[in-house]
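Quick notes on the structure that follows.
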Amino acid sequence: MALHPIVEKVTDRIRSRSDKPRNAYLARMRAAAEDGPARAHLTCGNQAHAYAAMGDQKATLAGARAPNLGIVTAYNDMLSAHQPFETFPDLIRRTAQTAGATAQVAGGVPAMCDGVTQGQPGMELSLFSRDVIAMAAGVALSHNTYDAAAYLGVCDKIVPGLIMAAATFGHIPAIFIPAGPMTSGLPNDEKARVRNQFAAGEVGRDKLMEAEMASYHGPGTCTFYGTANTNQMLMEFMGLHLPGSSFVNPNTPLREALTVAATERALAITALGNAYTPTCDVLDERAFVNGIVGLMATGGSTNLVIHLPAMARAAGVILDLEDFAELSEITPLLAKVYPNGLADVNHFHAAGGLGYMIGQLLEAGLLHDDTKTVAGDGLELYTQEPKLSDGTLTWDKGAGTSLNDKILRPATDPFQTSGGLKQLAGNLGRGVMKVSAVAPERRVIEARARVFQDQGSVKAAFQAGEFTEDTIVVVRFQGPKSNGMPELHNLTPTLSVLQDRGLKVALVTDGRMSGASGKVPACIHVTPEATEGGLLARIADGDVIRVDAEAGVLEVVTEGVADRPAVEPDLSANGFGMGRELFSAFRANVGPATSGASVALPADS
C-alpha cells in the first residue's frame, strides 16, 4: 500500500523543520562511531578500573574484540512494573558470556511510581524525573566502555528519559527490554466504580482499599492503557523492542526467552559485527511519525504528547503539535482498552495485539515500513508473533484477524475514523484532549468557569456541594514552571461523579492528567501556562469558556479578559518538601510543554 499523502506530508514537514539540528546530530554520531570500539582508546589505567570486578572475563574485555553490553536499569521493587528487572542483569550477563561476549550494569536510574505519588507533593517531581533519568543514564554510559546498551525500563517517565539518553549515545545500538504487564486482576471499570462511590461518600475507605489492592495485585505493569503501556506500544512501533515482546507477562518462560533473545540481538548489531544498527539510524523522523500514528490508533496517553517532542529533540528531530493533530485526523482508532473500553492490555494482546494493529496500519499506508529497527530492516517484522516451543523461540506470522472485535478492529472498520487525541487552540492558548474515552455528546461544552489553584480546592468545593450547574473547571498554575506540572488524576473521580449526575463538565488546565484520565473532557497542557503570561492567569469565576473537541476550539467567550491584570499566586509552598527544594533550577529553566517541557534539552537546543 502506498504511503498515505498526509503521513508523507507530515514526515516531509518534520524532515524540513529538523534539517539543521538533525544533520548536526548525525555528524556527531558518525564522528563518534568512526573512532571504533571505545575500550581500545582508553588508557591501561582506565581499563583496569573498568574490568577490576569482572573475574575471568577480564581478558575478553581487554581484548576489545568481543562486544561489551552496558545495562542501564531502572529496577526497584517498589514499582510493580520494574520489580521483575531484579533478575534481568544476571540473565543478560549469562547470555552474553555464553555468546563469548560480556555485559556489565553500567548504572541505575531513578524510577518513581506516579500511582504512589498521585495527589501528593512528590508528584511535582514526576515530570522532572524524566530529565534526571536521561542525565543519570548519560552518566552511566559516559564511561565509554560499551559497544551497545540494553535499557531496562517500563513506566511513565522512565522510557522517555532512557530514549533521550539512548539518542544522545546514538552511535551505539540500543535495545529496550520490557518486563510485561501483571496478570489481570479486578476489572478496571469495577475499580473506577468503587473510586466514584468513595468520592461520592457511598462507601468507606475499607472498600476502596480492597478494590485498589485487587486491581494492583502483583509484579508487572498496571493493566490499564495508561502512560506505561503506551510507552511499550511505542517501543514496538519505533523499532526498539523485539517484535511482540511488549505485553508478555513477567516470570514466564516466554518472557525469559525474549530477554535472552534481546541480549543476543543487542550483541549482534554492534559495530563489531555485520549488522551494525546504531540508535541514530533507528530514531529518525519516520520512527517518530510511526510512534505518533501508534499513539492515535490506540488512544494512548496524553503524556506522550509531551514526551515524544523531548525524545525526538534528543535525536535532532523537531516535532510540533500540528504534527500530532494532522496525523490524528487520518488515523483510525483501532483499539478499545481501558479507560477507552472495558478490556485491559492482556485482553488486547490476546485479541491480536500490536502485531495485528501494525499490520492493519501498514496495509492502510499509515506507517513507514522502510525503517530500521533493532530486529532488522522494515516495520513488517513487527507483524510477527513470538512463540516458544520445546524451549525454542521463533517468530511466526501474527493474527491475520482480530480475535475480539470489541477490543481490536481492522482499519477498514474502526471504532472511529480519527485518532484518540485532539489539539484545541484559541485565545486561551493551545492544549490537547484525549477524546478516545470521551463520549461524542460530551466533547463540546460552553459554560461558566470555576477557577482553582490546585486540585485539593476542587475536591473541597465538590464536598461543599458548590457544583450545581454545567461548569468548566479551570485549574491553573500547574505548568512546568509553576510546580513541575504534576498529574491531576485525583480530579477524575470527582468530575466523573458530577458528570454522572447529569451535569456537563470539562477541565481546562496547564497541568497534566494521567494516561487513565477517563471519560471527562479535559483540555490539558494549555500553553502558554499561567505563570508564563497565559490568559489562564486572567480568567475569573463566571467567565464563559468554550471547549470544543470536535472543532478543536479552546476559548474564553467573555469579553475584556485580556485587559485584566494577571493573578500572581504565591507558589513558595511548591519549593520545599519531598525533595522539591532540589529542583528549583528545573522550575526556573524548563521549556514549554509544546516542545517537551525539558530542562536537559531546552526548546532552543
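Being touching a Phe, Trp or Tyr at 6+ places or on another chain (Cβ under 7 Å) and open to solvent by less than 10 Å² (accessible area, probe 1.4 Å) is the filter; apply it to region 113-152 and report the residue that is nearest to N76 (Cα to Cα).
Per the stated criteria, the residue is L152.
Being in a loop (DSSP other than H, G, I, E, B), among the charged types (D, E, K, R) and at pLDDT 95 or above is the filter here, so list the residues in region 533-566 that pass it.
Residues satisfying the conditions are D541, D543, E559, R564.
Report whether or not A179 is outside any helix (DSSP H, G or I), within 30 Å of A600 (Cβ to Cβ), touching a Gly at 6+ places or on another chain (Cβ under 7 Å) and modelled with pLDDT of 85 or more.
So A179 fits the description; yes.
For A59, state whether it is of a type in the set (A, V, I, L, M), free of Cβ contacts under 8 Å to residues at least 60 places away in the same chain and in contact with a Lys or Arg (Cβ under 9 Å, 6 or more places away or on another chain).
Against the criterion (of a type in the set (A, V, I, L, M), free of Cβ contacts under 8 Å to residues at least 60 places away in the same chain and in contact with a Lys or Arg (Cβ under 9 Å, 6 or more places away or on another chain)), A59 does not qualify.
Restricting attention to region 509-517, does a residue exist that is on the phi < 0 side of the Ramachandran plot, open to solvent by 10 Å² or more (accessible area, probe 1.4 Å), in a helix (DSSP H, G or I) and in contact (Cβ under 8 Å) with a residue 24 or more places away in the chain?
no
If a residue has to be in contact with a strand residue (DSSP E or B) (Cβ under 6 Å, 6 or more places away or on another chain) and of a type in the set (K, R) to count, how many in region 279-317 make the cut?
Residues that pass the stated criteria total 0.
Suppose the filter is surrounded by fewer than 24 Cβ atoms within 10 Å (Cβ to Cβ) and either touching a residue at least 40 places away in the same chain (Cβ under 8 Å) or not in a loop (DSSP other than H, G, I, E, B) (or both); does L503 pass it?
no
Report those helices (runs of 4 or more DSSP H) wholly inside region 1-77 carrying at least 1 residues which are modelled with pLDDT of 95 or more and loosely packed, with under 12 Cβ neighbours inside 10 Å.
Filter on region 1-77 gives 5-17, 19-34.
Inside region 229-243, can you point out the residues that are open to solvent by less than 10 Å² (accessible area, probe 1.4 Å) and not polar (S, T, N, Q)?
Correct list: M233, L234, M235, E236, F237, M238, G239, L240, H241, P243.
Can we say L333 is touching a residue at least 60 places away in the same chain (Cβ under 8 Å), crowded, with 24+ Cβ neighbours inside 10 Å and of a type in the set (A, V, I, L, M, F, W, C)?
no
Does any residue in region 95-112 that is touching a residue at least 40 places away in the same chain (Cβ under 8 Å) and surrounded by fewer than 18 Cβ atoms within 10 Å (Cβ to Cβ) come within less than 8 Å, Cβ to Cβ, of a residue that is among the hydrophobic types (A, V, I, L, M, F, W, C) and part of a loop (DSSP other than H, G, I, E, B) six or more places away or on a different chain, and which pairs are these?
What qualifies is G100/A66.
Of everything in region 383-408 that's under 19 Å from E363 (Cβ atoms) and touching a Ser or Thr at 6+ places or on another chain (Cβ under 7 Å), which residue is modelled with the highest pLDDT?
L408
A530 - would you say it is under 20 Å from V451 (Cβ atoms), among the small types (G, A, S), buried (at least 22 other Cβ atoms within 10 Å of the Cβ) and at pLDDT 95 or above?
So A530 passes the test.
Inside region 565-605, can you point out the residues that are over 24 Å from Q120 (Cβ atoms) and open to solvent by 70 Å² or more (accessible area, probe 1.4 Å)?
P565, E568, N589, D604, S605
The values are calculated or read from the model by the stated rules, or taken from the named source; none is laboratory data. Since we're looking at a predicted model, the values are computed, not measured. Note that we place each Cβ from the backbone using ideal geometry, even for glycine, and neighbour counts take in every protein chain shown. In case anyone asks, the SASA skips ligands and DNA or RNA and just uses the protein heavy atoms, side chains included. Shrake-Rupley method; radii C 1.70, N 1.55, O 1.52, S 1.80 Å.
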